[in-house]
Amino acid sequence: MDEAARQCAELINDSKNVVALTGAGISTSCGIPDFRGPRGLYVTRQYDPEKVFDINHFRKDPKPFFEFAQDFLNLQNNLQPSFSHRFLASLEKKGKLSGLITQNIDLLHQKAGSQSALEIHGSFWKSYCQTCGKKYSFEETAEKIFTSGIPMCEDGIIKPDIVFFGENVKRLDEAIAMCESADLLLVIGSSCVVQPAAGLPGLTSGKVIVINLQPVDLGMANVVLQVNQDMDEFLKAVEFEVG
Ligand code: CNA
């Protein structure tokens, strides 16, 4: 591990345009289950991701999503970013990270201090009425979810601005441009099977480092280091080496 951490730190120090792409694995140590990890929702079936996060299912029956949302909001106040979230925020602050793309919806990059997280799957931060488009804040939506289960506007359902299966991802052009111009892409805590995010590492002509418990197949991407272990432990060793 020390050799891999040294190599990772050296690549970060020697690169001019480092970009990170994060997934649900960066938040598992905070208590939010991922989808495909060893204790992910596809394994435990605590919620059924195909029902909870599918836009066609949501339009027919939004209840499973808002049951999940209540549990998530209950967690929210006590959620603290992981070491890895803080590591990326500190790289950004030191001027060593020029872009951060996340598939996560949990606001933890911002909580850790990252200023520039590009949330391509949206987040709970704001919500919109599905009928009239009225915007609601996090607090307004949370209160409505807790008081009435399904948050309603005058005559429509209010949906948090997160991207469901079957919806277009956000700010994809910016994410593509970031990856294309990166000379080092850190892919952290993502199985890289959900498109189009999964295709982003293949767009960079730079080097790619994968940090993920389970091996990730990135096809044609130029993967120079694949670290299959707990990211918090690994990145603690990397931080020690980064100047
Ligand atoms: P995924 O498919 O569940 O993959 C997560 C990966 O992280 C797995 O391959 C795990 O092996 C790995 N992993 C888990 N814990 C660790 C750890 N401690 N150290 C290293 N690796 C770890 O999730 P993706 O992000 O690839 O899939 C994209 C979906 C999941 C996006 O649409 C997300 O919005 C969605 N999601 C987000 C959250 C969140 O916001 N926290 C939670 C669950 C799902």
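Just so you know, all these numbers are worked out from the coordinates, no wet-lab data involved. Keep in mind that what you see is a predicted model, and the values were worked out from it rather than measured. A quick note on method: Cβ atoms are made from the backbone with ideal geometry, for glycine too, and the neighbour counts reach across all protein chains shown.
Using Cβ counts within 10 Å as a stand-in for footprinting exposure, how do GLU239, GLU139, GLU50 rank, fewest first?
GLU139, GLU50, GLU239
Count the net charge of all other residues whose Cβ sits under 14 Å from the Cβ of VAL208, scoring Lys and Arg as +1 and Asp and Glu as -1.
Values: positive: LYS207; negative: GLU180, ASP183, ASP217.
With Lys, Arg at +1 and Asp, Glu at -1, the neighbours total -2.
Any chance you could give the angle, 0 to 90 degrees and rounded to 10, that helix 172-181 forms with the longest Cα principal axis of the chain?
Orientation of helix 172-181: about 0 degrees from the principal axis.
Let me have the 222 nm mean residue ellipticity of the chain computed from DSSP H runs of 4+ only, each contributing -39500 (n - 2.57), with the sum over all residues rounded to the nearest 500.
Result for the chain, helices only: -10500 deg cm²/dmol.
Please arrange VAL224, VAL238, VAL163 by how many other C-beta atoms lie within 10 Å of their C-beta, fewest to most.
Fewest-to-most ranking of VAL224, VAL238, VAL163: VAL224, VAL163, VAL238.
Using Cα positions and a limit of under 18 Å, work out the lysines in reach of LYS60, with same-chain residues fewer than 8 apart set aside.
Answer for LYS60, where 18 Å is the Cα cut-off: LYS51, LYS159, listed by chain and number.
Can I get the semi-axes of the stretch 71-175's equivalent ellipsoid? Compute them from the C-alpha gyration tensor as square roots of 5 times the eigenvalues, in angstrom, largest first.
Numbers: eigenvalues 157, 58, 19 Å².
Semi-axes (√(5λ), whole Å): 28, 17, 10.
Listed highest first by mean packing, meaning other Cβ atoms within 10 Å per residue, what order do 210-220, 18-28 come in? All intermediate terms of the calculation are to be shown ahead of the outcome.
Values: 210-220: 16.4, 18-28: 26.3.
Listed from highest to lowest mean packing, they are 18-28, 210-220.
Excluding residues fewer than 8 places away in the same chain, name every one of the lysines whose C-alpha is closer than 19 Å to that of LYS207.
Straight-line reach from LYS207, under 19 Å: LYS16, LYS96.
Give or take rounding to whole Å, what are the principal axis extents of the alpha carbon atoms in the stretch 88-235, in descending order?
53, 29, 27
Around LYS144, what is the net charge, scoring Lys/Arg as +1 and Asp/Glu as -1 over all other residues with Cβ under 13 Å from its Cβ?
Once positives and negatives cancel, what remains is -2.
Treat the count of other C-beta atoms within 10 Å as a stand-in for reagent exposure and order ILE157, ILE150, ILE209 from fewest to most.
Least crowded to most crowded, the residues run ILE150, ILE157, ILE209.
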